[in-house]
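The values are calculated or read from the model by the stated rules, or taken from the named source; none is laboratory data. Predicted model only: the values in this text are computed from it and were never measured. Cβ sites come from the backbone with ideal geometry, for glycine too, and all protein chains shown count toward neighbours. Protein only, heavy atoms only, side chains kept; ligands, DNA and RNA dropped before computing areas. Shrake-Rupley method; radii C 1.70, N 1.55, O 1.52, S 1.80 Å.
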Amino acid sequence: MKNQYAQNIQAIVVGIVLALILLLGSSSFVIINPGEAGVLSVLGKSRDGALLEGIHLKPPLISKVDVYDVTVQKFEVPAKSATRDLQDLTGRFAINFRLDPTQVVTIRRTQGSLENIVAKIIAPQTQESFKIAGAKKTAEESITQRSLLKEDFDNALSGRLEKYGVIVIDTSVIDLNFSTDFAKAVEEKQIAEQRAQRAVYIAREAEQEAQADINRAQGRSEAQRLLAETLKAQGGDLVLQKEAIQAWREGGAQMPKVLVLGKDAPRVPFLFNLGNVQGDS
């Protein structure tokens, strides 16, 4: 009986020892997966040096590892600014960023969680960066040079977030708006420019048409001059008479039976229909 009791006690002790060994063994290491970085804290104090992907030993029971996601994150934030000509400018940006794995210890000490980083660092720095970028350009330039506005915004934001261990991958301008009065003024300006362009087109068309009339008139004048010179030259009477006969034929009238020609005849041949003369008689 005593031997059985002693064996039971021994088994319990062995079980407890094994359980303690397993507990100590499981809490003596940590596995950091790809896309993660860890911060080791012992008795509430963070150790220098980030834990990158792989397996790491740590003091059992008295240590803790905070794991951070260092893959690319996306955050959308609205922002307001004033242009160089004091026009209100509002926008909405999509920020693609990730945490610097080598800086997660500093991030843990100064900011804590990723939510705090977004709310306390990224959001206000986005506002300030947009104010800097917007103030460099007029409202009209913000429209016509949107890519340069984004470039100024990216440079300002990257420089401001880098010191907090946040790496900006890319930004996208989701929306960009101006005040109602300015938008109306831009629309009216575009309408005025279109009307001015239309007026210039009409003026040029009228000018071209006038020039065409001048060219046609000059052409007719030159043709008449050449014809006059032809008629004045030797044989001009024959040309004139030929033109008269051709005009008679093309007019569709009956060909006359008597044609008065000759040296003493008029320059335009005297034509008459003998049948008509006889009928009148």
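So that you can scan it fast, the table gives a plain yes or no per residue for (1) open to solvent by less than 70 Å² (accessible area, probe 1.4 Å); (2) closer than 24 Å to residue 169 by Cβ; (3) in a strand (DSSP E or B):
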{"site": "61", "(1), (2), (3)": "no, no, no"}
{"site": "81", "(1), (2), (3)": "yes, yes, yes"}
{"site": "84", "(1), (2), (3)": "no, no, no"}
{"site": "115", "(1), (2), (3)": "no, yes, no"}
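Within segment 44-59, if we keep just the residues that are open to solvent by 40 Å² or more (accessible area, probe 1.4 Å) and touching a Pro at 6+ places or on another chain (Cβ under 9 Å), the residue that is nearest to residue 31 (Cα to Cα) turns out to be 53.
Looking at residue 174, is it aliphatic (A, V, I, L, M), modelled with pLDDT of 75 or more, open to solvent by 70 Å² or more (accessible area, probe 1.4 Å) and out of contact with any Gly (no Cβ under 7 Å at 6 or more places or on another chain)? Before you say what the answer is, go through the steps one by one.
Working: aliphatic (A, V, I, L, M): yes; modelled with pLDDT of 75 or more: yes; open to solvent by 70 Å² or more (accessible area, probe 1.4 Å): yes; out of contact with any Gly (no Cβ under 7 Å at 6 or more places or on another chain): yes.
Spelling it out, residue 174 is indeed aliphatic (A, V, I, L, M), modelled with pLDDT of 75 or more, open to solvent by 70 Å² or more (accessible area, probe 1.4 Å) and out of contact with any Gly (no Cβ under 7 Å at 6 or more places or on another chain).
Pairing each residue of segment 135-154 that is more than 17 Å from residue 90 (Cβ to Cβ) with any residue that is among the hydroxyl-bearing types (Ser, Thr, Tyr), provided the two are 6+ apart or on different chains, yields C-beta distances under 7 Å for 154/171.
Rundown of residues vs (1) of a type in the set (A, V, I, L, M); (2) open to solvent by 50 Å² or more (accessible area, probe 1.4 Å); (3) at pLDDT 90 or above; (4) part of a strand (DSSP E or B), yes/no style:
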{"site": "104", "(1), (2), (3), (4)": "yes, no, yes, no"}
{"site": "128", "(1), (2), (3), (4)": "no, yes, yes, no"}
{"site": "132", "(1), (2), (3), (4)": "yes, yes, yes, no"}
{"site": "157", "(1), (2), (3), (4)": "yes, no, yes, no"}
